[in-house]
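Derivation of every value follows stated rules applied to the coordinates shown; laboratory data play no part. What you are looking at is a predicted structure, and each value in this text was computed from that prediction instead of being measured. Note that each Cβ is placed from the backbone with ideal geometry, even for glycine, and that neighbours are counted across all protein chains shown.
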Amino acid sequence: MSLDRETAPRQPVIKCSSVYKIFGDNANRMLREANGNVDAKAFQDAGCVVGVNNASFEVHKGEMLVVMGLSGSGKSTLLRCISRLTETTSGDIHIDGEDLLAMSNRQLIELRRNKMGMVFQSFALLPHKTVLENIAFPLQVKGMSTKDSMTRAMEMVELVSLDGRQNYFPRQLSGGQQQRVGIARSLAVEPDIWFLDEPFSALDPLIRKEMQDEFLRLQGVLHKTILFVTHDFSEALRLADRIAIMKDGIIEQLDTPANIVLKPATEYVRKFTEEVPREKVLKIKSVMDPLDNTEEFSDLKVSQNAIIETVAESVLSEKKAVAVVDDNGNVVGSIHASNMLYILFGKDDTTKVGG
């Protein structure tokens with residue numbers, strides 16, 4: 001008997017199992033001899049560089065996984081392996097259940113054209129084409145007519161709020177506007193999976209914040225499955241459903257933003273998080289408890305998207321649990337004064353944060 005759709009396990013959109021990427025002439029031999037126990041220093045002494053070291057994880061439909069780490073941590077290499085812009089040394093990668101590493105070049109091209117969108121730090125816009133022509137270009141490569149591609153491109157122009165600039169050339173746009181064109185071009189092909197590698201790092205802080213806002217708005221509308229690479233921890237906390245922190249090719253911790261900040265798994269992660277003003281970056285939904293229909297709520301309600309700092313004082317003044325609501329006003333969880341004390345002061349003898 002087949003499982004009911006509600007109880008059937010979700011197939012991950014991306015599944016990585018023991019993925020390794022090691023650069024160097026002796027990479028394959030050394031990996032075999034290491035039996036999977038790769039020591040980055042020993043490999044480096046032998047003339048190899050460890051890019052990704054035994055990465056295993058899943059990304060589900062509509063989820064945004066942010067991969068972060070310092071320069072050389074392996075975050076961009078991991079993204080390039082999953083998009084197969086870089087060939088792995090060992091391991092398995094599946095996209096919607098299909099073996100990515102077994103695909104022919106033809107199959108890979110089709111996958112990239114029809115399922116994957118990519119945005120990189122360099123905007124790579126065609127300087128001799130207008131905004132509209134840049135966005136329409138990948139659609140025309142796929143064989144769409146000029147008329148249809150331009151219609152679709154104009155929809156993307158409106159989606160990223162560039163109305164009135166569709167006939168500008170890249171040189172006439174600011175850095176943030178150029179980045180919007182890159183995002184619109186990537187979205188035009190309606191990808192199921194979106195890869196973004198340091199897309200905002202070249203922008204000044206104010207424009208970067210605006211682009212993060214725009215990105216969150218787009219994701220709220222489109223619900224893409226996203227792998228987003230950054231070295232900026234504040235950016236990761238702001239955008240992610242889950243965060244993977246990498247060091248020397250190893251995923252040190254893969255968890256929710258709340259658990260990354262409140263329950264670091266390693267000393268390296270702890271150092272990453274110790275200076276973070278958690279109440280200024282975490283949202284209520286990151287630390288709320290699951291909905292309990294037997295619970296008695298106070299009259300106060302807070303949005304799941306509220307930054308903790310903005311509602312902390314109100315929650316602390318309530319003796320009963322405070323209802324957490326979504327954008328439609330539906331109760332989706334609860335937050336207690338004891339949770340808030342733990343978040344603000346680290347007093348872990350009161351309650352378990354986040355359910």
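Worth a mention:
- Model label sites at Glu98 and Ile307, defined 7 Å from Cα along the beta-carbon direction, differ in position by 4.2 nm.
- Tail weight of P(r) past 24 Å, computed on alpha-carbon pairs of the range 181-312, percent: 38 percent
- For the range 156-168, putting each phi into the Karplus relation 6.51 cos²θ - 1.76 cosθ + 1.60 with θ = phi - 60° gives couplings of 5, 4, 5, 4, 9, 6, 10, 3, x, 10, 5, 9, 6 Hz, in residue order, rounded to whole numbers and with x for Gly and Pro.
- Candidate lysines - alpha carbon under 28 Å from Lys320, same-chain residues fewer than 8 apart omitted: Lys263, Lys280, Lys283, Lys285, Lys301, Lys347, Lys352
- Divided by 2.2 N^0.38 Å, where N counts the residues, the Cα radius of gyration of the range 282-345 comes to 0.97.
- Percent of C-alpha pairs per 5 Å bin, the range 59-279, short to long: 1, 7, 14, 18, 19, 16, 12, 8, 4, 2, 0, 0
- Distance from the C-alpha centroid of the range 228-256 to that of the range 58-109: 16 Å, rounded to the whole angstrom.
- With the simple spin-label model, which puts each label point 7 Å out from Cα in the Cβ direction, the Val332 to Val141 separation comes to 3.5 nm.
- FRET efficiency for Ala202 and Phe297, using Cβ-Cβ distance with R0 set to 45 Å, rounded to 0.05: 0.45
- Here the 3J(HN,Hα) profile of the range 299-312, calculated from phi with Karplus coefficients 6.51, -1.76 and 1.60 at θ = phi - 60°, is 6, 6, 10, 10, 6, 5, 9, 6, 5, 3, 4, 6, 10, 4 Hz, Gly and Pro shown as x.
- Mean residue ellipticity (222 nm) of the chain, computed from DSSP H runs ≥ 4 via -39,500 (n - 2.57), nearest 500: -10500 deg cm²/dmol
- The range 89-152 shape via C-alpha gyration tensor axes, a/c threshold 1.5: prolate
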